[in-house]
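Quick one: this structure, given as C-alpha cells, is what I'll be asking you about.
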Amino acid sequence: MEAKTEHHYETDVVIIGAGNAAMCAALAAGEQGARVIVLEKSPEKEKGGNTTYTHGSIRFAYNGTEDIQALIPDLDEEDLRMTDFGSYSEEQYYEDLCRMTNYKTDPELASILTGESFDTMKWLTQHNIHFIPIYGRQAFKINGIFKFWGGMILESVGGGHGLVEALHTEASNQGARILYETMAIDLLHDDEGIQGVKVKEQGRSKTIRAKAVIIASGGFHANVEMRTKYLGPKWDVVHTRGSRYNTGEGIAMSLNIGALSTGNWSMAHAVTGDRYLPDFQEGFQRLSYPFGILVNMDGQRFLDEGADFRNYTYAKYGRLILEQKDNCAWQIFDGNVSHLLREEYKGKHVTKVKANTLEELADKMEGINKEKFLKEVAAYNAAIDDSVPFNPNEKDGRKTAGIDVAKTNWANRIDTAPFEAYAVTCGITFTFGGLKINERAEVQSTMYQKINGLYAAGEAAGGLFYDNYPGGAGLMAGAVFGKIAGEQAAQFAKTALAEKV
Ligand SMILES: Cc1cc2nc3c(=O)[nH]c(=O)nc-3n(C[C@H](O)[C@H](O)[C@H](O)COP(=O)(O)OP(=O)(O)OC[C@H]3O[C@@H](n4cnc5c(N)ncnc54)[C@H](O)[C@@H]3O)c2cc1C
C-alpha cells in the first residue's frame, strides 16, 4: 500500500482518469507489481467518463467463430447455429482505419491497434471483462440467421456501465487505489522527468509523488472554450454527449510542460441525435438513418444516407447536420422499415411526429418547407432502382439514379403509412486531437524525445482518428494503449526504483 502523509501520497504509477483506457492501464501496471493510484475527477456515482456512456461495442480483428468462442466460451449450440460471425482480419481493420481517416492515421499506432486487438480482448476476458454478441444492432436475422456486418460484433456485458463496473472491480481487487472527486491540476516534473501530480482532492490541494504518470483523462469535448478554439464556430453550441468531466486538463497540463500535440484538432466524432435532449444525457443518438432519408429545413436531402454501413458514416454525419440551417434536420422513415429502427427510437425522450400521409407528416414537422419536402420525397422515390432487392445485412447496392444527392445502398421508397419523422441535430462525442505518443505509449516532447515517466492512452492521445472513425475503435484503442501504457509505466517505475537503491 502507498504511504500517506497529511496531504500527500506516494506511489509508483498515477493514472489520471478512470474510464476504459485508465482502468486497462491500472490492470496492466498492477499485473507488473506496481503500486497504482487512479484519479477520478467525478463523484463515484458518475465514474468512468465517456466509457460509461457507450454500449461497450468494441472493434477487434478475428479469424472466425473459433476466435469468438475463445472470448465467449459459453456460446451454446443454438447461438452458434443461428449466427454467421464472418471474420475481420487485421488487414481489413487496418484498411478500414486508413479509409475512414483518408489515409491520415498514424501507421505505427494503427498497426499496433489492429495487431494487438484480439490479444487485448483475450487479456480483458482473463480479467473478468465479459462480452456478448451485438444481435439486432450489428446483425439482422434473415432466413433464421444473424449475419454480422461492419467489423463490430461484440459488446461488453451491461454496456458501458457494465464495462466500467467490471474494470473498477478488477483493478480494486488487484490493489489499485481509486480517489474520487480528485482532479489532476498539474504535473510535477524536473530535469529528470515526471515526479508526480498536483491534485485537488475534495477541494484540498495535495501532491502525489510518483515515478510515472499516465494521462487517460479523455479529450476536451466537454470544454466549450477549447471546442470553440480548436473545432471552430458553432461547436460552442453543439449538443454535448457523454461525460461532462472530459474538459481537457490532462492534455493541457502535458502541453504546458512541452509535450507534442498531434492528430486532428479541428475535428471530432459527432453524430446525429435528438434535437431537444439536454446535454450529457444518455439516449441522444438516432442511428437508423441508412434505412430512411435525412432532410434539412428546406426539405432537401444533403448526404448519402446509404454510403456505407452505419458504423462507418455515423461519426462524420453529425458535422454535416451542424452545417445545415438551424443546425438541425429531420430523419424520415415509413411503415416498411420501422421494424428495423434501433432501440433508441423507442425511448421516452424522443422528438418524433407520426402521420398516415406525407402531407400530414410535413404539417407536423416544425420549421420544414412543406412544398419542397414533398417534391424532394417524390423525386427520391422516383429515382430508386427496384431491380435490386433490399438487404439490411449487406451493402445491397439498391440505389438511386439521376438525383443530385445519391443514396447508394438501402434505398427504399418512402410510400407506406405510417410515416415517422425524427427531429435531429449534431452531438459531439469526443475529440480527435491529443498528445503524441510512440509505440510504448510514451508522451513525446516538442524536441521529439520522450518525456521521462509520462504516458498517455485513450482519447487523450492523438494520431489515430482523422475526419471519421470506425465504430468500436475508441474502446479498443483505449484498451490496447492503456495496457501498453500501464506495462511500460510499471517497468519505468521499477527501473527508476532500482537506480535509486
Ligand atoms: C454516448 C457515447 C457512446 C459511445 N459508444 C462507443 C462504443 O460503443 N464503442 C466505442 O469504442 N466507443 C464509444 N464511444 C467512444 C468511447 O466512449 C471513447 O472512445 C472511450 O470510452 C474513451 O475512453 P477514455 O478512457 O480515453 O476516456 P473516458 O472514458 O472519457 O475517461 C476519461 C476519464 O478521465 C476523467 N478525468 C477527466 N479530467 C480529469 C482530471 N483533470 N483529473 C482526474 N480525472 C479526470 C473523467 O472523469 C473520466 O473518468 C462512445 C462515446 C459516447 C459519449
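The values are calculated or read from the model by the stated rules, or taken from the named source; none is laboratory data. In this text the structure is predicted, and so the values were computed from the model without any measurement. All Cβ positions, even for glycine, are placed from backbone atoms using ideal geometry, and neighbour counts span all protein chains on display. For the accessible areas, the whole protein counts, side chains as well, though only heavy atoms, and no ligand, DNA or RNA atoms are used. Shrake-Rupley method; radii C 1.70, N 1.55, O 1.52, S 1.80 Å.
How much net charge surrounds Thr431 when only other residues with a Cβ under 11 Å from its Cβ are counted (Lys, Arg +1; Asp, Glu -1)?
0
Right, something else. If you take every residue apart from His168 with its C-beta less than 14 Å away from the C-beta of His168, what net charge results, scoring Lys and Arg +1 and Asp and Glu -1?
Once all neighbours under 14 Å are counted, the net charge is -2.
Around Leu294, what is the net charge, scoring Lys/Arg as +1 and Asp/Glu as -1 over all other residues with Cβ under 12 Å from its Cβ? Please list the in-between numbers first.
On the way: positive: Arg286, Arg301, Lys407; negative: Asp304, Glu305, Glu376.
Charge balance near Leu294 sits at 0.
May I pose another question? I'd like to check one number: the per residue accessible area of region 265-350, probe 1.4 Å, reported in Å² as a whole number.
Here the per-residue accessible area is 33 Å².
What's the carbon and sulfur percent of the chain's accessible surface, probe 1.4 angstrom, rounded to a whole number?
Details: 9470 of 19580 Å².
Carbon-and-sulfur percentage of accessible area, whole number: 48.
I would also like to ask the following. Please report, ordered by residue number, every helix of the chain (full DSSP H runs) that is 24 Å or longer along its axis going by C-alpha atoms and whose mean Kyte-Doolittle hydropathy reaches 0.0. Kindly include the intermediate steps, with their values, before the conclusion.
Numbers: long enough: 107-126 (29 Å, -0.11); 473-500 (40 Å, 0.43).
Result, helices passing both filters: 473-500.
Based on the alpha carbon coordinates of region 270-428, what radius of gyration and maximum Cα-Cα distance (Dmax) apply, in Å?
14.3, 44
Further question: Order 220-227, 352-359 from most to least packed using the mean count of other Cβ atoms within 10 Å. Spell out each step's value before the answer.
Details: 220-227: 21.5, 352-359: 14.8.
Packing order, densest peptide first, comes out as 220-227, 352-359.
Here is a further query. Round to the nearest 0.05 the FRET efficiency obtained for Asp396 and Asp467 when R0 = 30 Å and r is the Cβ-Cβ distance.
Efficiency at R0 = 30 Å is approximately 0.70.
If N is the number of residues in the chain, what value comes out of its Cα radius of gyration divided by 2.2 N^0.38 Å?
1.01
In addition: Of all the Cα-Cα pairs you can form in region 199-308, what percent are over 25 Å apart?
That fraction is 41 percent.
Now for a separate question. Find how many whole Å separate the alpha carbon centroid of region 135-197 from the alpha carbon centroid of region 434-501.
Region 434-501 and region 135-197 have Cα centres spaced 16 Å from each other.
Out of all DSSP beta bridges in the chain, what portion is antiparallel? Express it as a percent rounded to 5.
Among the beta bridges of the chain, antiparallel pairing accounts for roughly 70 percent.
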